[in-house]
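Here's the structure, in structure tokens; my notes come after.
The values are calculated or read from the model by the stated rules, or taken from the named source; none is laboratory data. Bear in mind that the values here come from a model prediction, so they are computed numbers and not experimental data. Cβ coordinates were reconstructed from backbone atoms using ideal geometry, including for glycine residues, and neighbour counts include every protein chain displayed.
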């Protein structure tokens, strides 16, 4: 199964701490000896090496210098930057408004050729209708964003959807059946969104699957995630935005996507489920 988001970020921190520990051991230093060279309390060395405390870039440079491993400092600082970038709280990502958050992923979308997206909460952004997008982003803005730039954020997301119609890209979307019945924005908005799913699902470079709600399903729903080629996974959590680039973790998400894809229905069966959801709106 896919790793939990919190465990992914925590493991990256522990890996960084372990690397620093290896540098100390390679230098033949005890923790107390390293602390003495650095002018630190021994407890600081212990906390950094155990992963309890995250080091600063200056801490890492000083650590490597004290261990006669200056040539490793740049690599270790980059590892720190990677760890810091793995998990970004929404309040930090959206500090300048929702448009900034939309624009920040543009380069990633433009360089990706194979998209895989699974959602257990909302319709994925690339296949949302304008009204549905506005409903989602206004709800987000009310809950956690001070800046009101929803109109600009909606326009940015709509503009990004052009990549669906550009050559050289393929898209596979999986949504839980519950997403079709979420009621986001009210009956009129949902009706338009369900129609949008039928339209997008007919595109030759798009695969749209619906995972039915069944009491005996073999794979339970998980958090929504995107896989960009085989290079990166992004996970949207209640608390923030997680970026995963470690190959073995990307593979785990790809395997999870394949398992969920095996449970989904496509084509006429998927359109039938969408039609049922549409009729349930009254």
Please indicate, with yes or no, whether at least one residue in segment 150-161 is without any contact (Cβ under 8 Å) to a residue 40 or more places away in the chain, over 18 Å from residue 224 (Cβ atoms) and exposed (fewer than 15 other Cβ atoms within 10 Å of the Cβ).
yes
Please indicate, with yes or no, whether at least one residue in segment 94-101 is outside any loop (DSSP other than H, G, I, E, B), out of contact with any helix residue (DSSP H, G or I) (no Cβ under 7 Å at 6 or more places or on another chain) and under 30 Å from residue 196 (Cα atoms).
yes
Whichever residue in segment 106-133 is free of Cβ contacts under 8 Å to residues at least 40 places away in the same chain and in contact with a helix residue (DSSP H, G or I) (Cβ under 9 Å, 6 or more places away or on another chain) and, among such residues, is nearest to residue 166 (Cα to Cα):
125
What are the residues in segment 254-268 that are within 23 Å of residue 202 (Cβ to Cβ) and either in contact with a strand residue (DSSP E or B) (Cβ under 7 Å, 6 or more places away or on another chain) or outside the structural domain of residue 221 (by TED's automatic domain parsing) (or both), if any?
257, 260, 261, 263, 264, 265, 266
Take residue 80 and tell me if it is touching a strand residue (DSSP E or B) at 6+ places or on another chain (Cβ under 7 Å) and either in a helix (DSSP H, G or I) or outside the structural domain of residue 38 (by TED's automatic domain parsing) (or both).
no
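For segment 20-37, which positions are closer than 15 Å to residue 76 by Cβ and surrounded by 15 or more Cβ atoms within 10 Å (Cβ to Cβ)?
Taking segment 20-37 as the starting set, the residues that turn out to be closer than 15 Å to residue 76 by Cβ are 20-27, 34.
Those that are closer than 15 Å to residue 76 by Cβ and surrounded by 15 or more Cβ atoms within 10 Å (Cβ to Cβ): 20, 21, 23, 24, 27, 34.
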The lone exception for residue 164 - which of (1) exposed (fewer than 15 other Cβ atoms within 10 Å of the Cβ); (2) under 20 Å from residue 102 (Cα atoms) it fails:
(1)
